[in-house]
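Undergrad: I'd like to ask you about the structure that follows.
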Amino acid sequence: MHKRWKVAAVMGCLWAASLMYGEVLSYWVPVVACPWPSLASSASGVGDGSTDVIRIAVIADPQLTDRTSYNQKPGSLALRLTQFYSDIYMRRAFRSSVLGKKPDQIIFLGDLLDGGPILAPEDWQESLKRYEHIFDQSEGGVEPGRQKPSIPVYTLPGNHDLGYEAMESANTEAVERYRRVFGPLEHNVTIGGVEFVFVDAQALDGSGGIATRSWNFVKQKAIEKNNHVRVLVTHMPLFRPDDTPCGRDRASPVINQRMNYQPYQPFHITYQNYVTEKSSSKLLNNLKPVMVLSGHDHDQCFILHKSKQGYVPEHTLGTFSWQQGNHFPSFMLLTVSSNASKGASREDVVASRLCWLPVQIAIYIWYGVLLVITLLALMLWPSQGIAVNWFVEQTKSVAAELFKSQKVKLKDEDVEWEMIWDAEGGMHLLNKGPKVVPPLVESTGTPPKRGNVARRAGHDLSMDSVVKMPTVSSPMSQSPSTFMRRVRIRTIPFSAKVFQTLSPVVVLATLNFSFYVLLLMKDWGPL
């Protein structure tokens, strides 16, 4: 028992370390392992408080899980658990990984909610409240010494926020509530020496007034006098030929172009993976960006687009959530020059780096493996030593018993046996010696006496002549009380081992679960 509690103490320390890493420390790994990228002209100024650069964190597709995500029943326990574990992952990732990098600005690339255009007003408000709670900056979001109350945030809509051009035209209420909370659908903002142009890409390939509005914004920016380099920000990626490689950071197979239309409405798009080739060329030629940022794909992709100005890199970011089809969530860090001129090279103006978030599914798998290891260690190690040695000894014991049984079976034909029962209810065979063939009965009809009593009294009753039955072929050959006694005797060691293991398991489960809940509540906070 003493040794079993020592094993329990070791496993408890391992559980505490695993929970601490999986629930807290893993979210701080990007802060250390993913430094801010350096500009070619001012690499030494990054990270040391220099005012020559501005640091921007970019997040794509948080896409908060709701009742439209997996067709779960509204208000069900399954839906609430799914939402909770999706939300707390992103809250931890934002507060530790993103805010831990102390960015100056934050950009969201759309799909903030999942069922944005179809949720009822009360459901949409509930999702908005969750969004604000996840990406809250009230604690730890303000660097000491700064004069601003919070980090500026810029967003643009995704297809899960407003839908495509046809839905956006028909659902003006969804558009207005998005505008009231998040701002205009198309806009631009100048950060340092870079102008970020946000375009509602879902409307570009439509045929109605929404598409006209989006293209008018692009044309206005094209003719506008601009002294800064531009970065195009769009939710949907620009066109890429089918099976175009996405680089080493891709976690899933490449997705090719797909466009769905409303029945009998050939120009009313209901879904598409990329902007069309024609619209992509118009965007690049009119805005002349040095870089493109996009989301929508939920996985990482890096490609180069050919334009009149040369090759333009596009970074498609993976989802920020671990429940949106990508087990390797990520975000991006941008470093931009604070005073670059329009004629400066891209490397001197903007630099990017992809940062990985914790692989949540791997953490949960480790918890399951650790549970199995804990149970096996508590049951086997204290009494049997290392499990491998125990299995070897058990195998040898079984082999010896089988060999012994075989020898007894071969001698059965040459000797006589008598079944006797001991005080504990065990059955034994008494070796009566070699078989004696009785002589033929004489004509008198009186058989000769065998003298069994005298022979039995003089027989050697040593342990060699008493063989314990290795097995009993049938319980019916024993009395009911004897059989139950044997079953009870054989099950006592196993029951005792289970009972002895149960106590440390209960203690470990209570302590670890309490510690786990404490970590959850510490990060969750009031909603």
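Undergrad: Mind scanning 102/129; 102/225; 129/278; 101/278; 101/225; 219/342 and naming the pairs with a C-alpha gap bigger than 29 Å?
TA: On the way: 102/129 24 Å; 102/225 33 Å; 129/278 39 Å; 101/278 38 Å; 101/225 34 Å; 219/342 19 Å.
Exceeds cut-off: 102/225; 129/278; 101/278; 101/225.
Undergrad: On the full set of protein chains, 1.4 Å probe, figure out the accessible area of residue 6 and give it in Å² to the nearest 10.
TA: 120 Å²
Undergrad: Using the basic label-point model (7 angstrom from Cα toward the beta carbon), what is the residue 309 to residue 132 distance in nanometres?
TA: Distance between label points: 3.8 nm.
Undergrad: Please work out the FRET efficiency for the pair residue 76 and residue 258, using the Cβ-Cβ distance as r and a Förster radius of 45 Å; give the result to the nearest 0.05. All intermediate terms of the calculation are to be shown ahead of the outcome.
TA: Values: r = 31 Å, r/R0 = 0.70.
Efficiency computed from Cβ-Cβ geometry: 0.90.
Undergrad: Okay, next question. What FRET efficiency would be calculated for the residue pair residue 522, residue 14, taking the C-beta separation as r and a Förster radius of 25 Å, to the nearest 0.05? If you can, show how the numbers build up before the last one.
TA: Values: r = 21 Å, r/R0 = 0.85.
Given R0 = 25 Å and the Cβ-Cβ separation, E is 0.75.
Undergrad: Per 0.36 nm of contour for each residue apart, how much would the distance between residue 365 and residue 243 grow if the chain were fully extended, relative to their Cα-Cα spacing?
TA: On the way: separation 122, 0.36 × 122 = 43.92 nm, distance 3.24 nm.
Net length gain for the segment: 40.7 nm.
Undergrad: Quote to one decimal, in nm, the extra length available between residue 513 and residue 226 on full extension: 0.36 nm per residue of separation minus the C-alpha distance between them.
TA: Details: separation 287, 0.36 × 287 = 103.32 nm, distance 5.81 nm.
Result for the pair: 97.5 nm of gain on full extension.
The values are calculated or read from the model by the stated rules, or taken from the named source; none is laboratory data. As the structure is a computational prediction, the values presented were derived from the model and not from experiment. For neighbour counting, all protein chains shown are included, and Cβ atoms are generated from backbone atoms with ideal geometry for every residue, glycine included. To get the accessible areas, we keep the full protein, side chains included, count just its heavy atoms, and leave off ligands, DNA and RNA. Shrake-Rupley method; radii C 1.70, N 1.55, O 1.52, S 1.80 Å.
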